[in-house]
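> One structure, as structure tokens, below. Some questions next.
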Amino acid sequence: MKRIARSTLQTAVNLVFFSVLATAVLASTYFMTHDAIVKSEEAEKLKLINQIVPSALFDNDIIQDKLSVPASELLGTEDVTTAYRARLKGEPSAVVLESVAPDGYSGRIALILAVRANGELAGVRVVAHKETPGLGDYIELPKGTWIKGFDGKSRAIYKDADWKVKKDGGQFDYMAGATITPRAIVKAANKALIYFGENRDKLFVANAPQKETTK
Amino acid sequence: MNLQEYKDILHNGLWKQNPGIVQLLGLCPLLAVSSTVVNGVSLGLATALVMAVSSGSIAPIRSYVPNELRIPVFILIIAVLVTVVQYLMNAYMYGLYVVLGIFIPLIVTNCIVLARVEAFASKNSALPSALDGFAMGLGLTAVLGVLGAMREVLGKGTLFSGIDLALGDMAQGWVLHVIPDYKGFLIAILPPGAFIGLGLLIAGRNWLNLRAEQKARSKPVPAPIVSPEAAQG
């Protein structure tokens, strides 16, 4: 009996030792790479913003004209996110919002949306997802053009019932075999537009046109 | 360990026991990521790195790990190393990280990694173990690269597309358009293309092996009869 107890204890100690060691290695790598990861993700985001906001729409420094958006159920966000405002001659022309589709096939799909001042989508892109490669990943631009189907859509032309994939009676295309993925994104886009409608003024005005940054 | 043994380790990994076309281990990434050369080789090298480090780091501690605990401990170590590689790629090779996506964490489940740790590193010292892991990883990389090239040329008519993701913007012009104005051959890019390509590679290797054996047999010197190498599952 004693022998068994001792060997059990030994096993436990052994496992704990290796787990602690592993955690230490992981944690230190995490802290070492964290800044670089944030930086490269931000650089990627800027590239995306330039894709979805037509350059004719703004003449301001869009990266600097940002606003913190509190977590919102309509946006599917659990943390404060950043909205970027596009302005033309000082007039608000579009806003770039982050949104999360929580119900993708393999978890959350992070989106970035540009909404014109009139409530029309200028563009949507997928920032991060874990959908099945080769099946659900046509939502990413180089792998499929599906995501461009959102360009120019608004809640003025499509009612709630239209914001669904065609299989569910809506207006949006999907690919057979991967319906859950587009369903999640369409839903998230619609909700983001509702959010925009409710918060339009807050989004554009909050901290007014920023001062010219001196270089 | 003498030089010959190191050579044997390399030969085993790259040809005789090649994980991709002889042991047929690690087929999940092999089939999924080999749609282009760049994808295949990148994931192959990431796997080789993980294998070399995991084999090399498990070998010296093998006597401290009780036998009944070895699988969880080995998997823990492999998982940590893979996550470290994932963090590093996320930080410094963002484009490639996005392309390889879920297949980086999936290196953990690639049975070839655990198989080499179990079969080699748990019985040998650190240096040969690291070499064995690396050689096996390189063998896998070679298969991924060849299969990727076959599928990419047939499917898209290009070679090295996406190389700028791995090596930065300066490599953008390195993409070869092997067949200009190619309309594409979808099945080569889709998973069935991977199965067909892999089958051809295995057949090719077996043919080369048989030919070498026949040559050896037809020599006047009576050689001991070797049983044809059985494919392993």
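Values quoted throughout were computed directly from the atomic coordinates according to the rules given, and no laboratory measurement underlies them. A quick note: this is a predicted structure, and the numbers were derived from the prediction, not measured. Neighbour counts run over all protein chains shown; Cβ positions are idealised from the backbone, glycine included.
> Would you please classify the overall shape of chain B from the alpha carbon gyration tensor, given that a ≥ b ≥ c denote the square roots of the eigenvalues, rounded means a/c under 1.5, and beyond that prolate means a/b larger than b/c while oblate covers the rest? If you can, show how the numbers build up before the last one.
Values: a/c = 2.12, a/b = 1.11, b/c = 1.91.
Oblate, since a/c reaches 1.5 and b/c is not below a/b.
> Let me know the shape class of segment B:95-217, please: from the alpha-carbon gyration tensor, a ≥ b ≥ c as square roots of the eigenvalues, rounded when a/c is under 1.5, otherwise prolate if a/b is greater than b/c, or oblate.
oblate
> Could you put A:L203, B:L25, A:L15, A:L135 in order, starting from the residue whose Cβ has the fewest other Cβ atoms within 10 Å?
A:L135, A:L15, A:L203, B:L25
> Pick out which of B:V178, B:V38, B:V117 has the largest mean-square fluctuation in a Gaussian network model of chain B, springs linking Cα atoms closer than 10 Å.
With Cα springs under 10 Å in chain B, the top fluctuation among B:V178, B:V38, B:V117 is at B:V178.
> Using square roots of five times the C-alpha gyration tensor eigenvalues, list the equivalent-ellipsoid semi-axes of segment B:1-76 in whole Å, biggest first.
Largest first, segment B:1-76 gives 25, 19, 12 Å.
> Next question. When A:F17, B:F120 are ordered from fewest to most other Cβ atoms inside 10 Å of their Cβ, what list results?
Neighbour counts put them in this order, fewest first: A:F17, B:F120.
> Then there is this: On a C-alpha basis, how far is the centre of segment A:1-20 from the centre of segment B:47-79 in Å? Whole number, if you could?
19 Å
> For segment A:1-122, give the magnitude of the charge dipole about the Cα centre (Cβ charges: +1 Lys/Arg, -1 Asp/Glu; no others), in debye to the nearest 20.
760 debye
> For chain B, what is the mean residue ellipticity at 222 nm derived from helices alone (per DSSP H run of n ≥ 4: -39500 (n - 2.57); sum divided by total residues; nearest 500 deg cm²/dmol)?
Calculated mean residue ellipticity at 222 nm is -20000 deg cm²/dmol.
> Okay, next question. If you fit an axis through the alpha-carbon atoms of helix A:2-52 and take the longest principal axis of the Cα set of chain A, what angle between them do you get, 0 to 90°, nearest 10?
20 degrees
> Full-extension gain between B:L167 and B:S125, please, as 0.36 nm times their residue separation minus the C-alpha to C-alpha distance.
Result for the pair: 11.7 nm of gain on full extension.
> Once you place label points 7 Å from the Cα toward the Cβ at A:I157 and A:N118, how far apart are they in nm?
Between A:I157 and A:N118, the label points sit 1.0 nm apart.
> Nearest 0.05, what FRET efficiency do B:R205 and A:A71 give at R0 = 56 Å with Cβ-Cβ as r? Don't skip to the answer; put the middle values down first.
Values: r = 55 Å, r/R0 = 0.99.
E(calc), rounded to 0.05, equals 0.50.
> Next question. For chain A, compute Rh as the Kirkwood radius over C-alpha pairs and then the Stokes-Einstein diffusion coefficient at 4 °C and 1.567 mPa s; write the answer in µm²/s, rounded to an integer.
So the translational diffusion coefficient is about 66 µm²/s.
> For a paramagnetic label modelled at 7 Å from the Cα of A:S19 toward its Cβ, which residues of segment B:51-82 fall within the zone defined by backbone nitrogen distances under 18 Å?
In segment B:51-82, the label zone of A:S19 (backbone N under 18 Å from the point 7 Å along Cα→Cβ) covers B:65-66, B:68-81.
> Could you please state, rounded to a whole Å, how far the C-alpha centre of segment A:87-149 is from the C-alpha centre of segment B:99-117?
30 Å
> According to the square roots a ≥ b ≥ c of the eigenvalues of the Cα gyration tensor, what is the shape class of the protein assembly as shown, taking rounded for a/c under 1.5, prolate for a/b larger than b/c otherwise, and oblate for the remainder?
prolate
> Further question on the same structure: If you rank A:T82, B:T47, A:T29 by fewest surrounding Cβ atoms within 10 Å, what's the result?
Starting with the residue having the fewest Cβ neighbours, the order is A:T82, A:T29, B:T47.
> Is it possible to state the helix-based mean residue ellipticity at 222 nm for chain A, with each DSSP H run of 4+ residues giving -39500 (n - 2.57), the sum divided by total residues, to the nearest 500 deg cm²/dmol? What is it? Intermediate results must be reported in sequence, preceding the final value.
Details: 2 runs with 77 residues, N = 215.
Computed mean residue ellipticity for chain A: -13000 deg cm²/dmol.
> Also: Pull up the cross-link candidates among the lysines for B:K215, meaning alpha carbon to alpha carbon under 20 Å and not fewer than 8 places away within one chain.
B:K16
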